[in-house]
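One structure is given here, and the rest of the page talks about it.
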Amino acid sequence: MAQSPLEVTPADAAEDYMANWDALSTMIAQGRSFSGRERHCAFLNTCGAGGFADVSAATGLDFAADGRGLAVTDWDGDGDLDLWITQRNGPRIRFLRNDVSVRNRHVALRLEGTACNRDAIGAQVRLTTSSDRKLVRTLRAGEGFLSQSSKVLLFGLLPDEAIEELSVAWPGNRAPELFPVEQVGHRYHLQQGRGIAALDDRQPAAIRTPAPSETSAVARTSPSASRRLVLIRRPEAPEFSYVTFAGDLASFPNAEKPGPVLINLWASWCAPCVAELEDLSEAHEELAAKGLRILALSTDAITEDGEKPDLSRAKALVARGNYPHAMGVVDDGAVQVLTKVLYDVIASQRPLPLPTSFLVDARGKVGLIYLGPVTSEQLLKDIDLLNASPKAVEAASFPFAGRNGIELFTLTPLAFAQAYEAGGYVDDARRTMSERLDAAPGTLQELYFLGALEQSQSNWTAAVRAYEAVLQRSPDQSAIHVPLGVALWQSGRREEARRHFAEAAEHARDRPALWTDLGRAHLQIDLADEAVAYFKRGDRRDHVAGALIAAGKTAEGCTLYEALLRENPENHQVANQLAWALATRSGGGPAATDRALELAGRLGELTAFRDPRVLDTLGAVHALRGDFEEAIRLALKSRRLARATGQSELVAALEKRLRAYEAESPWLEK
């Protein structure tokens, strides 16, 4: 009864087979479909009333997917058949539970061979009903494509039908064996040679259907011509050159302008592109408040057959639109390197549609790709996703609810250690990484992870060892001087720490982002005045204001925050930091409290009271005003939203604030 070929395939035929697979893979990468984009089909046997009826749509089985294997089983034990389907595209596995409400009954049979094979493969069961219907089932090993349905045979019976006779023709036996079955609606065990149908009812299998994800607050886009790809493993953004509309040659990335960047490809003749540019322009202040820069690059210079490009239409559009973000023109080479990013992610050899956008995080890695227009509303949400936890990013990356089966695959020691750390099992993370490094030298990422882990636990000596190992392996890792300096300072080796800070400052002339890193490091070691100086070198006035407050110069810091708000009233991050300082630093008086409430209340309305950091600030303001009931309510909501978006540090801070509010004490920082 085997359904697979029994003959050995010749070697030359196998080579042809593999060559055909290579050709097929190329066709798929170019946009072709395994299934010809046909939907799944289901046909109902009408039992003599005209053959089979197409019930694909009526049953809900007509998925637009490339299905392969099909297994049939009564998975939930309710007497009807459920389906498991495997597919070449996602979701790779589908469970379809049969919940049709009917009065029909059933009987299920589990066969066991004794003289034949134990699984009774090849046995044939014949069942005659009281209405003289004759039903036949054969137990097979494998059916369809690489599939095995349940070996429990299920017979459907009409509401008033009983079983008149049930017989099994076992493999190798000519005469069938009779098994009396009096009651229906049960499962029975039929053992060869016993002639007894033993009751074999089982508890239904647990069905863990995936619930809608609460891990990420990011809204998923509805199916449309546009596609939004959230990348779990972020590739480096490519380097390329472009020409500004002023005629200057420029390049990406720009080391002087760190932070998240949206690279947007458009054309003047593309109506969706123009509409997208206008939407992004209208939302410029909101996007800039989150630190996003937009680099909109026209593809009008790319022509077919070597024709001379005509940029007049693109220039007129830019002049007329007066767009607030950077604009430029790219050639075919720049588009090719961007296309390669997409190809490396999804193995697509098709040209990029217009518009196409790449959202690059502050580290220069591509976090999201938009094939088609992206709205400013979606962008505002996705900017936060760039800094979300891996779990939140993973949840947002799937276009449907489900489980990814990662438990079926071997993870690296680093991945295990990171998972332990994310779950709060620091000792297990350290043990996993230490065992790995004891067995082999380890990668730079593994050494850096161990250093950061030890630093997070204030194990300064161990952190120093790990960071020094990174520098020994790769002396050009200039950024490592900053955390190494912190670890040395905290372990008492302050002269060495200052040498590493000075080394980082030397590199900061070419990597301005290091000024900010140095400022943050000096805040961490309680040298706020030096942090102010570093932030000033990096021209980060918002950080300067925060460092001034940390240095005890609250009035000066708040004054700088107010100045920044006058320059850009829509800078929500600065507004929230100012409100937080006014609410948590004593000595401001009623005027400061009222100003904090004004700022935080407005931010709450603008964010629909869904931003956990804004809610945290608003809770602190209410606690300062003595309204602890409202402060607790806001802190609880903030904690829930922070958990949903993977902000573990904020969750831990909110736990402390909640305890203070419950004790009717405002949250005041030194």
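The values are calculated or read from the model by the stated rules, or taken from the named source; none is laboratory data. Bear in mind that the values here come from a model prediction, so they are computed numbers and not experimental data. In this analysis, Cβ positions are derived from the backbone assuming ideal geometry, glycine residues included, and neighbour counts consider all displayed protein chains. Heads up: the accessible areas ignore ligands, DNA and RNA and are worked out on the full protein's heavy atoms, side chains in. Shrake-Rupley method; radii C 1.70, N 1.55, O 1.52, S 1.80 Å.
Observations on the model:
- Within region 618-644, the set of residues being touching a Leu at 6+ places or on another chain (Cβ under 8 Å) and modelled with pLDDT under 90 comprises LEU641, ALA642.
- ALA592 crowded, with 18+ Cβ neighbours inside 10 Å, more than 32 Å from the chain's Cα centre (by Cα) and outside any loop (DSSP other than H, G, I, E, B): yes
- Residues that are open to solvent by less than 100 Å² (accessible area, probe 1.4 Å) and touching a residue at least 24 places away in the same chain (Cβ under 8 Å), drawn from region 31-42: GLY31, SER33, PHE34, SER35, HIS40
- In region 615-656, the residues that are touching an Asp or Glu at 6+ places or on another chain (Cβ under 9 Å), within 16 Å of THR584 (Cα to Cα) and open to solvent by 20 Å² or more (accessible area, probe 1.4 Å): HIS622, GLY626, PHE628, ILE632, ALA653
- For GLY519, the conditions (1) touching a Ser or Thr at 6+ places or on another chain (Cβ under 9 Å); (2) of a type outside the set (D, E, K, R); (3) within 26 Å of ALA652 (Cα to Cα) are fulfilled apart from (1).
- Restricting attention to region 225-250, the residues that are open to solvent by 40 Å² or more (accessible area, probe 1.4 Å) and under 16 Å from VAL261 (Cα atoms) add up to 4.
- In region 172-198, the residues that are open to solvent by 90 Å² or more (accessible area, probe 1.4 Å) and not in a loop (DSSP other than H, G, I, E, B): LEU178
- Any hit, region 415-426, residues being exposed (fewer than 14 other Cβ atoms within 10 Å of the Cβ) and farther than 28 Å from ILE369 by Cβ: yes
- Test: residue in region 71-91 that is under 28 Å from the mean Cα position of the chain (by Cα) and among the charged types (D, E, K, R): yes
- Only one entry in GLY113, GLY156, GLY172 is small (Gly, Ala, Ser) and within 30 Å of LEU61 (Cα to Cα), namely GLY156.
- Just one of the numbered conditions (1) within 28 Å of GLU377 (Cβ to Cβ); (2) surrounded by 16 or more Cβ atoms within 10 Å (Cβ to Cβ) is not true of GLY321: (2).
- A residue that is at positive phi and either small (Gly, Ala, Ser) or buried (at least 18 other Cβ atoms within 10 Å of the Cβ) (or both) can be found somewhere in region 274-297.
- For region 16-30, the set of residues classified as open to solvent by 100 Å² or more (accessible area, probe 1.4 Å) and aromatic (Phe, Trp, Tyr) consists of TYR17 only.
- For the condition surrounded by fewer than 17 Cβ atoms within 10 Å (Cβ to Cβ) and in a loop (DSSP other than H, G, I, E, B), ARG118 qualifies.
- Output for region 293-317, where each listed residue is within 35 Å of the chain's Cα centre (by Cα) and aliphatic (A, V, I, L, M): ILE294, LEU295, ALA296, LEU297, ILE302
- Counted residues, region 226-283 - those being in a helix (DSSP H, G or I) and either aliphatic (A, V, I, L, M) or closer than 16 Å to GLY333 by Cα (or both): 5
- In summary, TRP266 fulfils each of the numbered conditions (1) open to solvent by 60 Å² or more (accessible area, probe 1.4 Å); (2) at pLDDT 95 or above with the single exception of condition (1).
- Among residues of region 486-500 that are in a helix (DSSP H, G or I), those with a Cβ under 6 angstrom from a residue that is open to solvent by 70 Å² or more (accessible area, probe 1.4 Å), sequence gap 6+ or separate chain, pair up as VAL486/GLN524.
- Odd one out for TYR534 among (1) open to solvent by less than 20 Å² (accessible area, probe 1.4 Å); (2) among the aromatic types (Phe, Trp, Tyr); (3) within 21 Å of TYR561 (Cα to Cα); (4) in contact with a Leu (Cβ under 7 Å, 6 or more places away or on another chain): (1)
- Condition met for ALA466 (within 32 Å of the chain's Cα centre (by Cα) and in contact (Cβ under 8 Å) with a residue 24 or more places away in the chain): no
- Residue within region 92-114 that is on the phi > 0 side of the Ramachandran plot, more than 28 Å from the chain's Cα centre (by Cα), of a type outside the set (A, V, I, L, M) and at pLDDT below 90 present: no
- Residue within region 360-374 that is in contact with a Cys (Cβ under 8 Å, 6 or more places away or on another chain) and buried (at least 18 other Cβ atoms within 10 Å of the Cβ) present: yes
- Restricting attention to region 51-71 and to residues that are in a loop (DSSP other than H, G, I, E, B) and open to solvent by less than 70 Å² (accessible area, probe 1.4 Å), the residue that is farthest from ASP82 (Cα to Cα) turns out to be GLY51.
- Taking region 131-163 as the range and being small (Gly, Ala, Ser) and open to solvent by less than 60 Å² (accessible area, probe 1.4 Å) as the test, the residues that pass are ALA141, GLY142, SER147, SER149, SER150, GLY156, ALA162.
- Within region 595-610, the only residue that satisfies the criterion of being touching a residue at least 12 places away in the same chain (Cβ under 8 Å), over 27 Å from GLU556 (Cα atoms) and either in a helix (DSSP H, G or I) or touching an Asp or Glu at 6+ places or on another chain (Cβ under 8 Å) (or both) is LEU606.
- Filtered by the rule that a residue be charged (D, E, K, R) and either under 19 Å from ASN571 (Cα atoms) or crowded, with 19+ Cβ neighbours inside 10 Å (or both), region 537-555 gives ASP539, ARG540, ARG541, ASP542.
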